[in-house]
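Here the structure comes first, spelled out in structure tokens, and everything after it is commentary.
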Amino acid sequence: MVHTVGEVVTTTAVQSVPGVSSDGAGHARRALELVARMTLGEKIGQMSQVNIGADHVPADLRGAIAAGRVGSVLNAVGVDLVNELQCLAVEESRLGIPLLIGRDVIHGFKTVFPIPLGQAASWNPERVREGARVAAAEAASVGVNWTFAPMMDISRDPRWGRIAESLGEDPYLSSRLAAAMVRGFQGDNLAARGTIAACAKHFAGYGASEAGRDYNTTNVSENEMRNVYLPPFKAAIDAGVASLMASFSDLDGVPATANEWLMKRVLRDEWGFAGLLVSDWESISELMVHGLTANHRQSALAAARAGIDMEMASTTYRDHLEGLVGDGHIAEAELDVMVANILRVKFALGLFERPYTDAAEHAALANPDHLRAAKDAALESLVLLKNDDQVLPLDAHRARSLAVIGPLADAPFDQLGTWVFDGDPKLSITPLDALRETLGEAVTIHFAGALATSRSRDRQGFDEALAAARRADAVLLFLGEESVLSGEAHSRADIRLPGAQEALIEAVAALGKPTVLIVLAGRPLALGNVVDDVASILYAWHPGTMGGPAIAEVLLGRASPSGKLPVTLPRQVGQVPIYYNHKNTGRPATPESFVHIDDLPASAPQLSTGNTSFHLDAGYTPLFAFGHGLGYGEFSYQRIRVSDRRITLGSSFAIEAELTNVGIREAVEVAQLYIRDLVADVTRPVRELKGFQRVRLKPGETARVSFRLGTEELAFYNRRMRSVVEPGRFQAWIGGSSEAALMAEFEVVGG
Ligand code: GLC
């Protein structure tokens, strides 16, 4: 550890072999011994992953596997096909090296959990780990041994379709949850039955795609990469993730797939990552499309030099690496290192000892335990954004009839969300199903879809919907996005409720009935136009197979919502990017300095506004802040204190407060700790999440919430790209969102 005067330089743990299993050294030795026996052609074979179309196996694939020219297959569906291909690799090829069987198991396999952004709203690492464990158990039962998850791209732009797959906008929350997912997929020992290799993706900075348009350019300073985008990947590696996937994106002019700073300097040299690095789908061949290379031979060389161990889907390695080695452009010894990275994962998975899958040895798909886990995850993902007049929970005695309206009330496919290759809509229980099942004859339900799809502009269903609303004591509007409007390659420039949904809300609101909006979507939507038209808003994301029962339990008060936003909800898209951990700027807006566009007098002079950072027509605050979420309890924070006003560098300290449920119902609160480093070598965010914990309290009950930190958790990367903790003044908040008001100050002093 190098102590620089006035700062403590924190070092990152260097890993010789990934913690993918208990016997990392043994796997490393076996891998080296095997590489020594391989021909160049077999080595290049291990570096090639071949995609299998849903309905056909490429004609030459079986022969290539038998010849030892394939290291992995992607999208082989069905345990019989997987075992057949494994048999060709193990029994037919010269060295009998088993295949990695890759599949996107992003938020469930047959039992679909909420989309990762929804799971992140639980702020519950244990819940997230359990979801990944179930997903791995189901995927492993059909022969999958490698998933391309968790995705941990920090996402501050809800226009970007892939925000659905992310764990939100915050490095700390994303780090905690990414590590939990890795542990869920991989278990304590990758060789154990029911575990699969995880893959941290997309390395790195993909979430900064300009304009939120997928695959677009990213320009991110090194300092921002190190302080914002890289930490979740480091957390996944510290959790033992077996692999990483390169991002498609062009990072500051050098696409990640060929970016030696990312893939060599940071990932291998600084972090000591010894796992498998795979390209994204054809991202090596796309280096030519980016304009970084003139042909696929140059693409293969650029990616190999960056240390991409395995090529997904495209064939530049297969077509050109042998020639590149022969011409001396890359040494075979460099390939040996890359092949060893691949083989270590195969040894860690126990594939050489147990290459085949017997479904009978695994739990049944979508069994009751798995469905219960999915329901519990959906329950904790639900975020109650507003609840005027305590319209929720619905009192089944008060409300004798309900209008259930909207295209997402009974949408078994869409509630699953994006990336559900193996999900089954027939297993989905929709909100309408669940409400009918739960309420039975006690409450009359008038259902009207109102719109054919979330995008529909055809209002011919409005009359039926309004008639249903008129007959009801309360109205439940299930609106949002079809699943196809989110996910990869599905970015939107206008992130309001699509189609005629806003008009539907307006028409229903005019009836004056207690109205609840339940949003099923794959991204934060801009609800600024409709937020005042409804009494309550429950954000359900795309909640998965068991979304219906979870939503019904919360609506009917059988469970209190406890979700908190993992991402900021803007008033309108023009505010994007808008996120809580922003810099202060030299002219931060305040309520006093903000002037609304409608309040500007005619012929107002240029200097009539406060010359601070806001939009005349949107202000400077979000509609709902990161960390926000209501429950059926009411929580009050008081008496914050720091264990010591002056804290010595290198020591630990506590920040705590009292939390009381001053409401009338038992509920869970996610108490959050934020800090601010007031003066530093580079400007620091106005708030940074540094801790959270779930606290269940009965009415009137008080708990002391305590967060213990070491000063190293105040570290950041400075101008010289060194991770440092500097002495100086800090502020700390504890509360129920990033807008927490209860604050204390402390000072870190030199060692
Ligand atoms: C996709 C995605 C990546 C996914 C891979 C395999 O294009 O970018 O996240 O894992 O291809 O399907």
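A few remarks follow.
- When restricted to residues that are polar (S, T, N, Q) and not in a helix (DSSP H, G or I), the range 97-119 contains 1.
- Residue list for the range 314-333, restricted to those being touching a residue at least 40 places away in the same chain (Cβ under 8 Å) and either open to solvent by 20 Å² or more (accessible area, probe 1.4 Å) or of a type in the set (F, W, Y) (or both): T315, Y317, R318, E322, V325, E332
- Among residues that are away from the ligand (no atom under 16 Å from the Cβ), farther than 30 Å from L623 by Cα, buried (at least 18 other Cβ atoms within 10 Å of the Cβ) and under 25 Å from the mean Cα position of the chain (by Cα), H370 is included.
- Scanning the range 599-641 for residues that are among the aliphatic types (A, V, I, L, M) and farther than 30 Å from R156 by Cβ yields A602, A604, L607.
- Selection over the range 234-276 of residues that are of a type outside the set (A, V, I, L, M), more than 14 Å from the ligand (Cβ to nearest atom) and in contact with a strand residue (DSSP E or B) (Cβ under 9 Å, 6 or more places away or on another chain) gives a count of 8.
- Looking only at residues of the range 229-258 that are among the β-branched types (V, I, T) and open to solvent by less than 10 Å² (accessible area, probe 1.4 Å), we find that the one that is nearest to I196 (Cα to Cα) is V241.
- Residue match in the range 164-187 (condition: within 14 Å of the ligand (Cβ to nearest atom), buried (at least 24 other Cβ atoms within 10 Å of the Cβ), small (G, A, S) and at pLDDT 95 or above): yes
- Selected residue (only one of R127, R94 is assigned to a loop (DSSP other than H, G, I, E, B), more than 16 Å from the ligand (Cβ to nearest atom), more than 17 Å from I196 (Cβ to Cβ) and at pLDDT 95 or above): R94
- Looking only at the range 391-406, and only at residues there that are in contact with a helix residue (DSSP H, G or I) (Cβ under 8 Å, 6 or more places away or on another chain) and either open to solvent by 10 Å² or more (accessible area, probe 1.4 Å) or small (G, A, S) (or both), the one that is nearest to G512 (Cα to Cα): A403
- Boolean, K564 is open to solvent by 20 Å² or more (accessible area, probe 1.4 Å), over 29 Å from I445 (Cβ atoms) and in contact (Cβ under 8 Å) with a residue 40 or more places away in the chain: no
- Going through (1) of a type outside the set (F, W, Y); (2) closer than 27 Å to Y172 by Cα; (3) in contact with a strand residue (DSSP E or B) (Cβ under 6 Å, 6 or more places away or on another chain) one by one, S536 falls short only on (2).
- Counted residues, the range 56-82 - those being touching a Gly at 6+ places or on another chain (Cβ under 8 Å) and within 16 Å of the ligand (Cβ to nearest atom): 6
- For the range 414-443, the set of residues classified as more than 27 Å from the chain's Cα centre (by Cα) and among the charged types (D, E, K, R) consists of D433, R436, E437, E441, listed by residue number.
- Selection within the range 295-313 - in contact with a helix residue (DSSP H, G or I) (Cβ under 8 Å, 6 or more places away or on another chain), in a loop (DSSP other than H, G, I, E, B) and either open to solvent by 70 Å² or more (accessible area, probe 1.4 Å) or within 16 Å of the ligand (Cβ to nearest atom) (or both): I308, D309
- Within the range 279-294, considering residues that are away from the ligand (no atom under 16 Å from the Cβ), assigned to a loop (DSSP other than H, G, I, E, B) and open to solvent by 20 Å² or more (accessible area, probe 1.4 Å), the one farthest from V266 (Cα to Cα): A294
- Failed item in (1) away from the ligand (no atom under 15 Å from the Cβ); (2) at negative phi, with H202 passing the rest: (1)
- Scanning the range 204-228 for residues that are among the charged types (D, E, K, R) and open to solvent by less than 30 Å² (accessible area, probe 1.4 Å), we see that the one that is nearest to the chain's Cα centre (by Cα) is D214.
- Filter result for the condition that a residue is among the aromatic types (F, W, Y) and in contact with a Cys (Cβ under 6 Å, 6 or more places away or on another chain), over F148, F109, F113: F148
- Selection from the range 139-153 of residues that are buried (at least 24 other Cβ atoms within 10 Å of the Cβ) and more than 14 Å from the ligand (Cβ to nearest atom): A140, G143, N145
- Qualifying residues in the range 482-496 (those that are of a type in the set (A, V, I, L, M) and open to solvent by 10 Å² or more (accessible area, probe 1.4 Å)) - the one farthest from the ligand (Cβ to nearest atom): A493
- The range 479-500 residues that are on the phi > 0 side of the Ramachandran plot, paired with ones that are among the hydroxyl-bearing types (S, T, Y) and more than 16 Å from the ligand (Cβ to nearest atom) (beta carbon under 6 Å, 6 or more apart): G499/S454; G499/S456
- S122 meets the conditions (1) surrounded by fewer than 24 Cβ atoms within 10 Å (Cβ to Cβ); (2) assigned to a loop (DSSP other than H, G, I, E, B) in every case but one. The failed one is (1).
The values are calculated or read from the model by the stated rules, or taken from the named source; none is laboratory data. No experiment lies behind these values; they were computed from the predicted model shown. Counting neighbours? That spans all protein chains shown, and the Cβs are built from the backbone with ideal geometry, glycine included. For the accessible areas, the whole protein counts, side chains as well, though only heavy atoms, and no ligand, DNA or RNA atoms are used. Shrake-Rupley method; radii C 1.70, N 1.55, O 1.52, S 1.80 Å.
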